[in-house]
Amino acid sequence: MKLKTTLGSEVYSFTELKEVFAKANEEKSGDRLAGIAAKTVQERIAAKMVLSDITLADIRSNPFLTADEDEVSAVIEGDVNETIYRNMKNWSIAELREYILSNETGDRELKRISKGLNSEMIAAVTKLMSNLDLVHAANKMEVLTTCNITIGHKGTLSSRLQPNHPTDNVDGMIASLKDGLSYGIGDALIGINPVDDSVESVKRLLHATHDFMNDWNIPTQNCVLAHVTTQMKAIQQGAPADMIFQSIAGTEAANRSFGISAELIAEANELAKKQGTGSGPQHMYFETGQGSELSAEAHYGIDQVTLESRNYGFARHYDPYIVNTVVGFIGPEYLYNSKQVIRAGLEDHFMGKLHGIPMGVDICYTNHIKADQNDIEDLGVLLTAAGVNFIIATPMGDDCMLNYQSMSYHDVATLNQTFGKTPAPVFLEWLEKMGIYENGRLGRNAGNAALFS
Amino acid sequence: MNEQLIQTITKLVVEKLKSNEVSQPSAGTADVQIKLHSKQATGALTELPPPENPNGKVTFHQTTSAKPEKKSAVHPQPAEKTISKQEEFIEELKKKTPSRIGVGRAGSRPKTNTWLQFRLDHAAAVDAVYGEVPDKILHQLDLFQVQTRVKDKEEYIRRPDLGRKLSDEAKELIKKRCAFSPSVQIVTSNGLSAKAIEENLEDVYLSLVQSLGNLGIETGTPFYVDKGRVALMDEIGDVLQPDVVVMLIGERPGLVSAESLSAYLCYQPRIGTIEADRMVVSNIHKGGIPPVEAGAYLGTLIQKILKYEASGVSLVKKEG
Ligand code: B12
């Protein structure tokens, strides 16, 4: 394994693979905060060059965190298909990139190699790809999943309706829900973040959304994004939940700081299968985002792109219905400005897809980051072009409880219309019946929440 | 949270709401005045009437109203339904949430006024990030002030690790001035929003102290930390060895409310404590959990933490 390169008269040598990985990243404030980012742009390119010659086998045999040290590593390692891996283990990362981008390589081929790649390999190739590479390659893949309905088809852009309320007030939540539905939002799910992480509050919100879906025959699925243990208790007490949510991270220690383990997630998945209301086969929902491991001081000097990739390796073990990165959510200490958020959004989406998981994105920013709504509209366009499975939508993009901005109800409709896409087929049928969509775009009743009176 | 606690807070909130005192978030504050839905020019677009009411009042109820009958999706409401009825219905919806609903559309895009209002609110929220808490409030509440290792705003934003550590002087000062090993140590900090402290600290703090007093729980010497992060409580725990730390800290500012306060609690926080062993009561502000009620609720929560000698996920486990 060669960890050295010469550019002009300058020799760049790196002490370990982990350092090459970190320095090969595009500029991120989080890697700087961790003290592992490239010092100069030239050093960054030198690291990319070194990385391009590293083989898949080099990466597999030099783990940053071994399966013995860390259960996330163990989960990922255990899922590698050895036959497929063996066939390509001598590929360099440059060759992997070119294979992915080749016109002979399509959905089927990518899904096949996916099984033989671990999360570090997927992170490695991502570091060598340009933004357009990431858009183009991700768009080759179609990942379909089903909870109550199927989403992810080519030609569709689905959405999560996020009708949050600052006191979990049911009527207030329903008001926002009605408004969102009237714009054709919510085929991926109706998902509420509760302020009050109590079983009672979670049950109340699950019942309210479930009843509303029944009353109006809405073909979608519900979820309340409390801590996994709270959701499990609610389900055990008979509350109707179509799936179970949890935030995850890329190391065992960071997961522990979230109050979870691999075993707990497996239990939740079993419970959702046996007692959840979703027909399945998929029942789990995960959220991720670059920087959470460093925030939990559980990053082991590994860069944030690689750690993020490990989230997807962990997630795929549980065959999730949906996964999304909440890119830009935490703040400027990990992604400083719109340029970094846009890059991270494209990286996360591509890495998720190459893991074969149904990848969505919460395209967002906080008020202490250098970005505004125009920037995330840009990222919305890029991700729609990249074939993102779903995005998150709030009223006018403003979440009045989580204190951040995401895409709006209007934005999802606009992206669909601009790209000639639609919501998921079964949901679209319902929208057309309701007059919310006509001829594949917003129709006569669109934007009129009084429809649900 | 156990049944009883939920009932307590539910009751508190419901009572407050019944008395109808909850006002529109942010309305009335001087520099960050956020009008949710301003009057809009009547455009030629037919989709929706322009929203009339700029001031959707938030009202809270705990459950959904009587269940509606099964609706037929095959026969949606006709589009020609009279405008005034429609308008009325949407106005009703808007009263139930501070979120930006019922704003109409231009094609698939927002109307011009809605869009510009949103941009204005964003500008105001950006200005509300960080900020200094006026000395007056700290004097009134008799809180002395210490610093973290953060030098300025920009460093606060980029270096959360420094906001999690006390400056050397701060360590000395709290050692000197604070009671050692109290049952409850109250710490306050501007965090990401000084406004949150300005608007809510007095109410939350006084009702918390009163509630702890009523419950016979002893508190230590409270103080204020400039530019702190939540995990700073671990180092404070190491120095002062309290049983419980409750930290009142400003949340990152949102568009609807730039003054939302959180209370993070932990049983025996010490360096190395994991996040899962903390717990939080968030969205404390006049449009969320009313501050006075929050203070009272925190008292009962602390009582429970002391009883079980645990917080966060460990508390949930112990409770069974
Ligand atoms: C940012 C944020 C996060 C970030 C935190 C990272 C970071 N560096 O800030 C991430 C994405 C990792 C996160 C994760 C989770 N969060 Co959170 N988070 C927030 C948010 C939007 C803002 C927090 C804030 O302004 N902090 C102020 C600054 C000054 O604090 P800080 O020191 O910079 O950062 C610390 C806090 O943010 C804290 N924190 C953040 N979330 C949570 C949740 C819990 C339960 C605890 C104990 C601590 C905690 O961790 C950070 C590191 O110490 C709030 C919403 C709100 N209105 O407050 C929700 C919120 C606090 N989170 C919530 C939840 C439920 C979670 C999760 C448990 C979700 C899940 N099911 O897994 C996880 C796990 C949390 C954990 N144990 O670590 C709930 C809490 C509900 C409750 N009463 O228990 C809130 C209120 C949002 C909601 N309603 O869903 N979160």
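The values are calculated or read from the model by the stated rules, or taken from the named source; none is laboratory data. All figures in this text were calculated on a predicted structure; none of them were measured in a lab. Heads up, the Cβs are rebuilt from the backbone with ideal geometry, glycines too, and the neighbour counts pull from every protein chain shown. Accessible surface areas use protein heavy atoms only, side chains included; no ligands, DNA or RNA. Shrake-Rupley method; radii C 1.70, N 1.55, O 1.52, S 1.80 Å.
What are the pairs with Cβ atoms under 6 angstrom where one residue, in the stretch A:100-116, is among the charged types (D, E, K, R) and the other, located anywhere, is in a helix (DSSP H, G or I)? Sequence gap at least six, or different chains.
Partner pairs satisfying both residue conditions: A:115/A:84.
Based on what the data block shows, is residue B:220 more than 28 Å from residue A:170 (Cβ to Cβ) and either open to solvent by 30 Å² or more (accessible area, probe 1.4 Å) or in contact with a strand residue (DSSP E or B) (Cβ under 9 Å, 6 or more places away or on another chain) (or both)?
yes
Name every residue in the stretch B:232-269 that is within 9 Å of the ligand (Cβ to nearest atom) and open to solvent by 20 Å² or more (accessible area, probe 1.4 Å), in order of residue number.
Within the stretch B:232-269, B:251, B:252, B:264 meet the criteria.
Being open to solvent by less than 10 Å² (accessible area, probe 1.4 Å), among the acidic types (Asp, Glu) and within 13 Å of the ligand (Cβ to nearest atom), is that true of even one residue in the stretch A:362-372?
Scanning the stretch A:362-372, I find at least one residue that is open to solvent by less than 10 Å² (accessible area, probe 1.4 Å), among the acidic types (Asp, Glu) and within 13 Å of the ligand (Cβ to nearest atom), so the answer is yes.
Restricting to the stretch A:437-453, what's the tally of residues that are over 17 Å from residue A:215 (Cα atoms) and either facing chain B (nearest Cβ under 7 Å) or assigned to a loop (DSSP other than H, G, I, E, B) (or both)?
9
Looking at B:138, B:116, B:120, which one is more than 7 Å from chain A (Cβ to nearest Cβ) and open to solvent by less than 20 Å² (accessible area, probe 1.4 Å)?
That would be B:138, the only listed residue that is more than 7 Å from chain A (Cβ to nearest Cβ) and open to solvent by less than 20 Å² (accessible area, probe 1.4 Å).
Could you go through the stretch B:134-152 and let me know if any residue there is among the basic types (Lys, Arg), within 16 Å of the ligand (Cβ to nearest atom) and within 21 Å of the chain's Cα centre (by Cα).
The answer is no, given that none of the residues of the stretch B:134-152 is among the basic types (Lys, Arg), within 16 Å of the ligand (Cβ to nearest atom) and within 21 Å of the chain's Cα centre (by Cα).
How about the stretch A:14-28: which of its residues are open to solvent by 60 Å² or more (accessible area, probe 1.4 Å) and within 24 Å of residue A:131 (Cα to Cα)?
Correct list: A:26, A:27.
Of all strands (runs of 3 or more DSSP E) completely enclosed by the stretch A:159-252, which ones contain at least 1 residues that are within 14 Å of the ligand (Cβ to nearest atom), hydroxyl-bearing (Ser, Thr, Tyr) and touching a residue at least 40 places away in the same chain (Cβ under 8 Å)? Walk me through how you get there before you give the answer.
On the way: elements: A:189-192, A:222-224, A:244-247.
Passing ranges, in order: A:244-247.
When you look at residue A:428, is it under 22 Å from residue B:99 (Cβ atoms), in a helix (DSSP H, G or I) and at pLDDT 95 or above, yes or no?
Details: under 22 Å from residue B:99 (Cβ atoms): no; in a helix (DSSP H, G or I): yes; at pLDDT 95 or above: yes.
So residue A:428 does not fit the description; no.
Residue-wise test of (1) touching a Ser or Thr at 6+ places or on another chain (Cβ under 7 Å); (2) buried (at least 21 other Cβ atoms within 10 Å of the Cβ); (3) among the hydrophobic types (A, V, I, L, M, F, W, C).
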residue: A:161; (1), (2), (3): no, yes, yes
residue: A:179; (1), (2), (3): no, yes, no
residue: A:194; (1), (2), (3): yes, yes, no
residue: A:201; (1), (2), (3): no, yes, no
residue: A:239; (1), (2), (3): no, yes, yes
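Would it be correct to say that residue B:195 is surrounded by 22 or more Cβ atoms within 10 Å (Cβ to Cβ), within 14 Å of chain A (Cβ to nearest Cβ), of a type in the set (Lys, Arg) and within 16 Å of the ligand (Cβ to nearest atom)?
Details: surrounded by 22 or more Cβ atoms within 10 Å (Cβ to Cβ): yes; within 14 Å of chain A (Cβ to nearest Cβ): yes; of a type in the set (Lys, Arg): yes; within 16 Å of the ligand (Cβ to nearest atom): yes.
Taking the combined requirement at face value, the residue satisfies it.
Within the stretch A:277-298, work out how many residues are within 14 Å of chain B (Cβ to nearest Cβ) and either buried (at least 24 other Cβ atoms within 10 Å of the Cβ) or near the ligand (Cβ under 10 Å from one of its atoms) (or both).
Number of matching residues: 7.
With the condition being of a type in the set (A, V, I, L, M, F, W, C), I'd like the helices (runs of 4 or more DSSP H) fully within the stretch A:53-148 carrying at least 3 qualifying residues.
A:56-61, A:71-78, A:93-101, A:119-128, A:131-138
Only residues that are surrounded by 24 or more Cβ atoms within 10 Å (Cβ to Cβ) and charged (D, E, K, R): list them for the stretch A:400-424, please.
A:411 - this is the single residue of the stretch A:400-424 that is surrounded by 24 or more Cβ atoms within 10 Å (Cβ to Cβ) and charged (D, E, K, R).
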